[in-house]
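Visitor: Sending over a structure as structure tokens; questions will come in a sec.
The values are calculated or read from the model by the stated rules, or taken from the named source; none is laboratory data. Nothing here was measured: the structure is a model prediction, and the numbers come from that model. Methodologically, a virtual Cβ is constructed for each residue, glycine included, from the backbone with ideal geometry; neighbour enumeration extends over all protein chains shown. To get the accessible areas, we keep the full protein, side chains included, count just its heavy atoms, and leave off ligands, DNA and RNA. Shrake-Rupley method; radii C 1.70, N 1.55, O 1.52, S 1.80 Å.
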Amino acid sequence: MSTTIFSFAILTGILVVLIVYCTHMRIRIMILRKKLADSFHKRAETTRFMDIFAQNIRTTDEIENWMNTTARYVGDLVEAQSVCVFSLEGEYLRAVGVFGAFPPLSTRRAGDYVLTKSKYVLETLKRDRFRLGEGFIGEIAEKREDVYLPDPSTDPRISDYINAAVPIHTLMAVPLVNEGQVSGVICAVNSKRMDRPFTTEQFGRFKFIASQVVLAQNIIQVYSNLSEQQRINQELAFARNLQLSLMPKKFPMWGRFIIHAFTRASKEVSGDFYDFVQIDDNRLLVVIGDACGKGIPACMIMSMTRSFIRSNIGHFTSLKDLLRELNENLYRDTVDERYITLGCCLINKKESTVEYARAGHTPLLLYLREHTRSINPDGAALGLLPGELSEFDTICTEITPQTTMLMFTDGINETTNEQDEFYGIPRLTEIYKESCARGDSLEGTIDTIMKSVDKFSEVHKEQEDDQTMVLIKHI
């Protein structure tokens, strides 16, 4: 009897130990997952910040607009009503970028009327300069302290501004530090959340994005100091590195769907792009795009489009709605001669279906059982027409095993030879069909097509347009 009780006690002890260990490991895994998710989130925020910043790099005469854009992005990220970036120039801190109706942090104008347009607010703020250690902003820079004030009334340093023309209900400020040296201060005033205090989560995001503001300062400094030719080279290097960082490094295997892609630029940078965006556990959006023109302008439009897609995918409802929203954004934010064509495949691995939509893009070529089919839903290029004139159709089809789909940009089919003849979609379709019929791999099919294109154009002839392909196969 005593042996049975002893054995039971041992088993109970072992069970308790196992339960405690499993609980500990579960908590540890949850913590690691949270850290990993936070790391991915910060990386995404950094990429999006650089996307938006790059969109505004056009001429060196627009440096102030660059920092206004940076302030606006920070305001959106931390949900602040107003943000101001102060830069250290010589002995003084001066406002260089602003978003929203930022209150003048000088006692002599604490109660003055405050303008709301960024360019007027900035002109007003630029009149104030702060030495290190002087005033609220100067003190933050000198002490290098992060300031988080859920209730500013408790801080005597800004008591004069509580009842100013723009009352301060809550405030965050962080010094900008570049290679160990203070380069400025960024300050956010009043939360968009119904005058409630900034949360610790908002403050955490604010401190994180401050490092990206320092990066923006560095880029602006480079552009201000370099010669015109150096600036051009800097633009090309910046755009090329940005573009390379945005292109997917790996091709996903989505259930029974495999994907491969290829792109070749005609200039230093490309207006073509492809991307793979996971919507949920079952759906993957495969996108291919071709911006009007070549070089830096086309690259910027490409970057804007990719940014819009990734930022809006969280509330994705349908391909039609996604293209409508993209079109509205691009039509609003680009000049008349700038637009982009887009092809979108929405893969559902659970249902084994693919929905295709296009915006002025080339057709989707589908190969099945030694036959090819061209899928051409209607839709105008993005950024070309206002929303009320733009409609987009989609075609959804069930995909059976051994079906292959080819998405491509017109740099492939519009390649010309010495007689100015187009390579053409019929020739592309035939080469594609022959490769699929042989059972070539996706990489093999792309290689076969590109060898055919290069042979047609007499390899030595200069490439006229960016060339991109995406192949999808159901295995």
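Visitor: Run the numbers for LYS350 and GLU89: contour at 0.36 nm per residue of separation, minus the present Cα-Cα distance, in nm. All intermediate terms of the calculation are to be shown ahead of the outcome.
Guide: Details: separation 261, 0.36 × 261 = 93.96 nm, distance 5.80 nm.
Here the segment from LYS350 to GLU89 would lengthen by 88.2 nm.
Visitor: Right, here's the next one. Within the set of other residues whose C-beta is less than 13 Å from the C-beta of CYS396, count the net charge using Lys and Arg as +1 and Asp and Glu as -1. Please list the in-between numbers first.
Guide: Working: positive: ARG283, LYS320; negative: GLU351, GLU355, ASP393, GLU398.
Result for the local shell: -2.
Visitor: I would also like to ask the following. How much length would be gained if the chain were fully extended between ASP146 and ILE10, taking 0.36 nm per residue of separation minus their Cα-Cα distance, in nm to one decimal? Don't skip to the answer; put the middle values down first.
Guide: On the way: separation 136, 0.36 × 136 = 48.96 nm, distance 5.40 nm.
So the chain would gain 43.6 nm between ASP146 and ILE10.
Visitor: Continuing with this model, one more query. If r is the Cβ-Cβ distance from ASN312 to ASN218 and R0 is 30 Å, what FRET efficiency results, to the nearest 0.05?
Guide: Between ASN312 and ASN218 the formula returns 0.50.
Visitor: Now, a different point. Roll a 1.4 angstrom probe over the protein heavy atoms and tell me the percent of accessible area of the stretch 317-475 that is carbon or sulfur.
Guide: Of all accessible area on the stretch 317-475, carbon and sulfur atoms account for 46 percent.
Visitor: Let me ask something else. Over the stretch 373-470, average the accessible area per residue using a 1.4 Å probe and give it in Å², no decimals.
Guide: Working: 4790 Å² over 98 residues.
For the stretch 373-470, the per-residue accessible area is 49 Å².
Visitor: Can you tell me how much longer the chain between THR23 and MET253 gets when fully stretched, taken as 0.36 nm per residue apart minus their C-alpha distance, in nm with one decimal?
Guide: Numbers: separation 230, 0.36 × 230 = 82.80 nm, distance 3.38 nm.
Once the chain is fully extended between THR23 and MET253, it gains 79.4 nm.
Visitor: Then there is this: What list of whole percents do you get for P(r) of the stretch 374-438, with Cα-Cα distances grouped in 5 Å bins up to the one holding the largest distance?
Guide: Whole-percent P(r) values from 0 Å outward: 3, 11, 16, 18, 18, 16, 10, 6, 2, 0.
Visitor: While we're looking at this one, here's another question. Between LYS320 and LYS207, what FRET efficiency comes out of the Förster formula 1/(1 + (r/R0)^6) with R0 = 45 Å and r the beta carbon distance, rounded to 0.05?
Guide: After rounding to 0.05, the efficiency reads 0.70.
Visitor: Then there's this: Using r as the Cβ-Cβ distance of ARG157 and GLN278, and R0 as 56 Å, what FRET efficiency do you calculate, to the nearest 0.05?
Guide: Once the sixth-power term is evaluated, E becomes 0.75.
Visitor: Starting from one equal scatterer on each C-alpha and no solvent at all, send me the Debye-based log10 I(q)/I(0) for the stretch 267-397 at q = 0.09, 0.11, 0.12, 0.16 Å⁻¹, two decimals.
Guide: -0.25, -0.37, -0.44, -0.78
Visitor: Ok, one more. In nm, to one decimal, how far is the modelled label at GLU421 from the one at GLU398, with both set 7 Å along Cα→Cβ?
Guide: In this crude spin-label approximation the distance works out to 4.2 nm.
Visitor: Could you list, in their original order, any pairs among LYS451/LYS473; LYS267/LYS320; LYS349/LYS451; LYS320/LYS455; LYS249/LYS350; LYS267/LYS350 whose Cα atoms are separated by more than 30 Å?
Guide: Check vs 30 Å cut-off fails for LYS267/LYS320; LYS349/LYS451; LYS320/LYS455; LYS267/LYS350.
Visitor: For a quick check of understanding: with a 1.4 angstrom probe and all protein chains in place, what accessible area in square angstrom does SER374 have, to the nearest ten?
Guide: 60
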